[in-house]
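Have a look at the structure below before the remarks.
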Amino acid sequence: MTKTLKRILIAEDSPEWQKFHASLLKEYDKVELMFDIASSARDALELINKNIENPYNLVLSDLQMETDFLPKFAGEWFVENIKQIPQYKNVPIVFISATYNISFVAASCGVNSLSKRTLVNNPQTYYFMLDEYLI
């Protein structure tokens with residue numbers, strides 16, 4: 001039985017967290033995965049637009065990246081832009097951030113969240129999230 005290909009976009013400016021995402025995604029074997037990593041909200045939106053005919057199945061975004069969008073966080077700006085794209089109406093978006101109020105910010109943007117602290121202490125929660133959104 002062939003596994004369905006699922007595509008994930010990760011918006012994350014920290015090289016260490018980029019490696020963290022990549023290592024966990026390479027271990028996940030319930031579906032075939034392809035993922036792109038963008039190091040800023042702007043670069044991530046560019047990838048979304050380049051792949052408009054074949055949307056990602058899941059978008060994971062840090063909250064605090066470039067500071068161009070203050071007083072908004074870059075992740076907030078990114079999500080607002082994604083939500084204007086009809087092809088992304090039903091694509092799940094998850095903030096993965098160390099921001100202390102990440103669940104509040106995520107709820108105000110209409111997306112879900114995972115704290116980086118939770119992931120460091122229990123990487124299995126990453127796989128639970130993937131199961132929820134990809135299977």
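No lab work stands behind these numbers, since they all come straight from the coordinates. Because the structure is predicted, anything quoted here is derived from the model rather than measured. Note that each Cβ is placed from the backbone with ideal geometry, even for glycine, and that neighbours are counted across all protein chains shown.
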* Which loop chymotrypsin sites (Phe, Trp or Tyr not before Pro) in segment 72-132, with loop taken from DSSP, have no more than 15 other Cβ atoms within 10 angstrom of their Cβ? -> Tyr100
* Structure fact -> The answer for Leu33, listing residues at least 5 apart or on another chain whose modeled amide H is closer than 5 Å to its amide H, is Lys6
* Structure fact -> Taking alpha-carbon centroids only, segment 1-56 lies from segment 61-128 a number of Å equal to 14
* Spin-label pair Gln84/Phe69, simplified geometry with 7 Å Cα→Cβ offset, distance in nm -> 1.1
* Divide by every residue of the chain the summed helix terms, -39500 (n - 2.57) for each DSSP H run of at least 4, and state the resulting mean residue ellipticity at 222 nm, rounded to the nearest 500 deg cm²/dmol. => -12000 deg cm²/dmol
* Structure fact -> Filtered hits (lysines, Cα-Cα < 17 Å from Lys19, offset >= 8 within chain) -> Lys116
* Structure fact -> Rounded to the nearest 0.05, FRET efficiency between Glu46 and Lys19 (Cβ-Cβ, R0 22 Å) equals 0.50
* How much length is gained if the chain between Glu132 and Glu53 is pulled fully straight, taking 0.36 nm per residue apart and subtracting their Cα-Cα distance, in nm to one decimal? -> 26.0 nm
* Positive-end residue of Cys109, Ile52, Thr125, charge dipole of the chain with Cβ unit charges -> Thr125
* For Ala11, which sequence-distant residues (separation of 5 or more, or a different chain) have an amide H within less than 5 Å of its own amide H, given hydrogens modelled in the peptide plane? -> Ala38, Leu60, Ser61, Asp62
* Would you please name the GluC sites (Glu not before Pro) within segment 27-135 that are DSSP coil residues with at most 14 other C-beta atoms within 10 Å of their C-beta? => Glu53
* Asked: How much of the DSSP beta bridge set in the chain is antiparallel, as a percent to the nearest 5?
  -> 0
* Taking H as built 1.01 Å from N, whose amide H comes closer than 5 Å to the amide H of Val91, not counting residues under 5 places away? -> none
* Asked: Among the aspartates and glutamates, which have Cα under 17 Å from the Cα of Lys3 when same-chain residues fewer than 8 positions away are ignored?
  -> Glu27, Asp29, Glu32, Asp131, Glu132
